Amino acid sequence: MELNDYQNDIVTFDLFGERCGTQQIDMAFLDKVLGLTGEAGEVADKVKKLIRDKDGKISEADRKFLSLELGDLLWYLATCARYLGLSLEDVANANLGKLSSRLERDMIGGAGDER
Ligand SMILES: [Mg+2]
C-alpha cells in the first residue's frame, strides 16, 4: 500500500473527514494532535511495562499489541498531515531529505531541529 492511498482510505474514519488545508487550529485539529500524543504515550507505556515486568523481552502478543498501537499512531499522523493539506508521501520525503542531509554533513547525532 502506498502512503497516500492509506491517507486517502482512512478519511472514512474521521468524523471531520472532508477537512483539508487547515488555516488555524480548531477543536477538530486539536483533537487529532492530542490523539497523536496519546497514542505515542500508549506505545511508550507498553515499552515501559515490558522493561519493568518482563526484563525487556517482547513476546508475539506484545509485538501484535505494539503493531496495533503504532497503527493508531499512524492514523493520527496521517490525519494531522491531511488537516494541514500535506500528503504523507510529502512528509516522508521531506523527512528523508532532512536526514540524508544530516548524514552527508555528519550531523545525525546532536540536538536541534535546524542542524
Ligand atoms: Mg491506541
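Here, each number is a calculation from the coordinates, and none is a lab measurement. Given the structure is predicted, the values throughout are model-derived calculations rather than measurements. Here the Cβ is made from the backbone with ideal geometry for all residues, glycine too, and neighbour counts use every protein chain on show.
The helices (runs of 4 or more DSSP H) found entirely in region 27-110 that carry 3 or more residues being aromatic (F, W, Y) and closer than 24 Å to N4 by Cβ are 60-83.
When region 6-26 is limited to residues that are among the aliphatic types (A, V, I, L, M) and part of a helix (DSSP H, G or I), the one that is farthest from R63 (Cα to Cα) turns out to be V11. Once region 12-36 is narrowed to residues that are surrounded by 11 or more Cβ atoms within 10 Å (Cβ to Cβ) and under 19 Å from L68 (Cα atoms), the residue that is nearest to the ligand (Cβ to nearest atom) is G35.
In region 60-90, the residue that is surrounded by the most Cβ atoms within 10 Å (Cβ to Cβ) out of those that are under 30 Å from Q24 (Cα atoms) and free of Cβ contacts under 8 Å to residues at least 12 places away in the same chain is L86.
Consider only pairs whose beta carbons are under 6 Å apart and that are at least six residues apart or on different chains; among these, list those whose first residue lies in region 25-40 and is closer than 13 Å to R82 by Cβ and whose second residue is of a type in the set (S, T, Y) and away from the ligand (no atom under 15 Å from the Cβ). Cβ pairs passing all conditions: F29/T22; F29/Y83.
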